[in-house]
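Contents: one structure, followed by commentary.
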Amino acid sequence: MAAVTAAKERILKKIRKALSNPVPLPFPQSEGTEDVFMPSPEDDAVLFAEEFTKLGGKFVFCADEAQMQQQLLALLASQNWQKVYCVEEKLRKQLQLSFTDDLPNCDVSITGCEYLVARIGSIVMSSAQQSGRTTSVYAPVHICIAHNSQLLFDVKDALSFLKAKYENNFPSFVTLATGPSRTADIEKTLVTGVHGPKEVYCFLIEH
């Protein structure tokens with residue numbers, strides 16, 4: 001016990017000595033005062049589409065809500081997806097479809113989003129949305145409906161906008177959905193759809 005106490009005291013002495021002689025930071029800009037990633041010269045919509053599809057996502061550009069409705073109906077019909085799950089009231093009114101309340105057995109779920117992050121092709125969602133934590137995860141296919149005004153360049157921008165939007169009532173859960181679920185845990189073989197949707201679509205409405 002005495003040996004342990006002596007060793008502990010030696011460590012504490014070294015810590016005290018180090019704290020009394022602080023070393024200047026070698027890279028002061030690494031403290032978050034500067035942007036790490038510079039904005040791309042490309043349009044954010046183009047950059048998002050490129051990165052999103054690289055990750056296995058399926059991107060659909062829509063000029064307006066009428067075209068989105070038309071293309072969504074065509075997709076549902078072509079895939080024979082009849083059990084559509086959606087709990088966001090605004091989307092339910094907008095889409096005017098027949099919806100199921102059975103999330104575990106649905107064919108596809110439809111949600112909105114907080115923002116789209118162009119640099120990494122990710123969908124930002126939060127618990128503040130009516131769809132909550134589960135809608136985009138438990139369905140075999142996830143369709144996100146987003147607007148051009150929700151496009152941001154980087155994650156840092158998304159967090160800043162979320163903070164400004166919710167102020168003191170920040171959501172308890174914020175997630176970045178980045179393409180279909182995938183894992184290589186078993187024998188290093190890549191498998192999709194294990195821990196989440198096997199397909200992810202993003203319908204981006206320009207106006």
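The one condition from (1) in a loop (DSSP other than H, G, I, E, B); (2) at pLDDT 95 or above; (3) not polar (S, T, N, Q) that GLY56 does not meet is (2). Restricting attention to segment 96-131 and to residues that are within 24 Å of SER172 (Cα to Cα) and among the hydroxyl-bearing types (Ser, Thr, Tyr), the residue that is modelled with the lowest pLDDT turns out to be SER131. For segment 59-99, a residue qualifies if it is within 13 Å of PRO140 (Cβ to Cβ) and outside any loop (DSSP other than H, G, I, E, B), and the qualifying residues are GLN79, VAL84, TYR85. Among residues of segment 83-115 being over 23 Å from the mean Cα position of the chain (by Cα) and exposed (fewer than 13 other Cβ atoms within 10 Å of the Cβ), the one that is nearest to PHE161 (Cα to Cα) is LYS93.
LYS90: more than 18 Å from GLU206 (Cβ to Cβ) and at pLDDT below 95, yes or no? It is true that LYS90 is more than 18 Å from GLU206 (Cβ to Cβ) and at pLDDT below 95.
Would you please name the residue that is modelled with the lowest pLDDT, looking only at residues in segment 174-189 that are over 19 Å from ILE110 (Cα atoms) and hydrophobic (A, V, I, L, M, F, W, C)? The residue in question is ALA184. Test THR192 against the stated conditions and say whether it is hydroxyl-bearing (Ser, Thr, Tyr), at pLDDT below 90 and touching a Gly at 6+ places or on another chain (Cβ under 9 Å). For THR192, the condition - hydroxyl-bearing (Ser, Thr, Tyr), at pLDDT below 90 and touching a Gly at 6+ places or on another chain (Cβ under 9 Å) - is met. The condition of being among the small types (Gly, Ala, Ser), over 27 Å from LYS156 (Cα atoms) and out of contact with any His (no Cβ under 8 Å at 6 or more places or on another chain) holds for only one of SER127, SER122, SER98, that being SER98. Report yes if ARG133 is buried (at least 16 other Cβ atoms within 10 Å of the Cβ) and in contact with a Ser or Thr (Cβ under 8 Å, 6 or more places away or on another chain), otherwise no. Judged against the criteria, ARG133 is not a match.
The set of residues in segment 141-182 being under 19 Å from VAL200 (Cβ atoms), in a loop (DSSP other than H, G, I, E, B) and among the polar types (S, T, N, Q) consists of THR178, SER181.
The values are calculated or read from the model by the stated rules, or taken from the named source; none is laboratory data. The shown structure was predicted, so the numbers you read here are calculated from the model rather than taken from an experiment. Cβ: placed from backbone, ideal geometry, glycine included. Neighbour counts: every protein chain shown.
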